[in-house]
Amino acid sequence: MSGWDNGIDAVSAIAAIASAVATYLAWRSSEASRATSEKALQLQGKQYLYETLKACAERANSYSKGKKGADWSFHDAANIVRCLNMAMGSIINYSDTNNQDAMKGLKQFFISQLNMELFEELNYEVGPDAFFHGEELTSMTSDIYSQWLNIISFFNLMIVTDDDLADET
């Protein structure tokens, strides 16, 4: 082997090492980019959740604005329940894929978005509960009432239901 062949082998080895280093650096860069994209997607998902919760609260607020619970129509109560149910579902879906501890903060955020009229009605009055007893039982009213009971439990609302008053002997 001549010196010329050794020189070519050395240049080839250096080129192979440089190529390996460049490949490694490109891989590291793509991993950093992927991690950044993943964090941005998580942030975007959380922002979307907060916007959804705020929109649900605003919509529920619109059905109760300027009214005491006694002035609500059945449709007002049903629409409020549907808004609360959508917020509950959004929190559950987000919390299933993320930290379970986030659920408490999300609930508090949503409740804080409710206007005082609705908040007081949901916590210190009977809320929509009375409407469901006065309506003719249909699959729709039954479904909405079932959602209402789940909402009371999920958001820890301070409402006494018929089940709470039932004598457990």
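Among the listed residues E58, E38, which satisfies the condition of being under 23 Å from S146 (Cα atoms) and in a helix (DSSP H, G or I)?
On the way: E38 fails: under 23 Å from S146 (Cα atoms).
The conditions single out E58.
Here are S19, S33: which of them is surrounded by fewer than 15 Cβ atoms within 10 Å (Cβ to Cβ), over 28 Å from the mean Cα position of the chain (by Cα), more than 14 Å from E117 (Cβ to Cβ) and without any contact (Cβ under 8 Å) to a residue 60 or more places away in the chain?
The match here is S19.
Got a sec? Which of E51, E58 is in contact with a helix residue (DSSP H, G or I) (Cβ under 9 Å, 6 or more places away or on another chain), acidic (D, E) and modelled with pLDDT of 95 or more?
Numbers: E51 fails: in contact with a helix residue (DSSP H, G or I) (Cβ under 9 Å, 6 or more places away or on another chain).
Residue meeting the stated conditions: E58.
Regarding L43, is this residue in a helix (DSSP H, G or I) and in contact (Cβ under 8 Å) with a residue 60 or more places away in the chain?
No; evaluated as a whole, the condition is false for this residue.
Just checking, which of Y63, Y24, Y50 is in contact (Cβ under 8 Å) with a residue 12 or more places away in the chain and out of contact with any Cys (no Cβ under 9 Å at 6 or more places or on another chain)? Please lay out each step first, then the result.
Details: Y63 fails: out of contact with any Cys (no Cβ under 9 Å at 6 or more places or on another chain); Y24 fails: in contact (Cβ under 8 Å) with a residue 12 or more places away in the chain.
Criteria check complete, one pass: Y50.
Can you tell me how many residues within the range 104-160 are surrounded by 13 or more Cβ atoms within 10 Å (Cβ to Cβ), at pLDDT 75 or above and not charged (D, E, K, R)? Please lay out each step first, then the result.
First, pick out the residues of the range 104-160 that are surrounded by 13 or more Cβ atoms within 10 Å (Cβ to Cβ): 106-107, 109-111, 113-115, 117-123, 125-132, 135, 141, 143-152, 154-155, 157, 159.
Subset that is at pLDDT 75 or above: 106-107, 109-111, 113-115, 117-123, 141, 143-152, 154-155, 157.
Those left that are additionally not charged (D, E, K, R): 106, 109-111, 113-115, 118-119, 122-123, 141, 144-152, 154-155, 157.
Residues in the range 104-160 being surrounded by 13 or more Cβ atoms within 10 Å (Cβ to Cβ), at pLDDT 75 or above and not charged (D, E, K, R): 24 in total.
Residues D9, D5: which one is surrounded by fewer than 10 Cβ atoms within 10 Å (Cβ to Cβ), of a type outside the set (S, T, Y) and without any contact (Cβ under 8 Å) to a residue 12 or more places away in the chain? So that I can check it myself, show each step before the final result.
Working: D9 fails: surrounded by fewer than 10 Cβ atoms within 10 Å (Cβ to Cβ).
From the options D9, D5, the qualifying one is D5.
The values are calculated or read from the model by the stated rules, or taken from the named source; none is laboratory data. As the structure is a computational prediction, the values presented were derived from the model and not from experiment. Here Cβ is always computed from backbone atoms with ideal geometry, including for glycine, and neighbour counts include all displayed protein chains.
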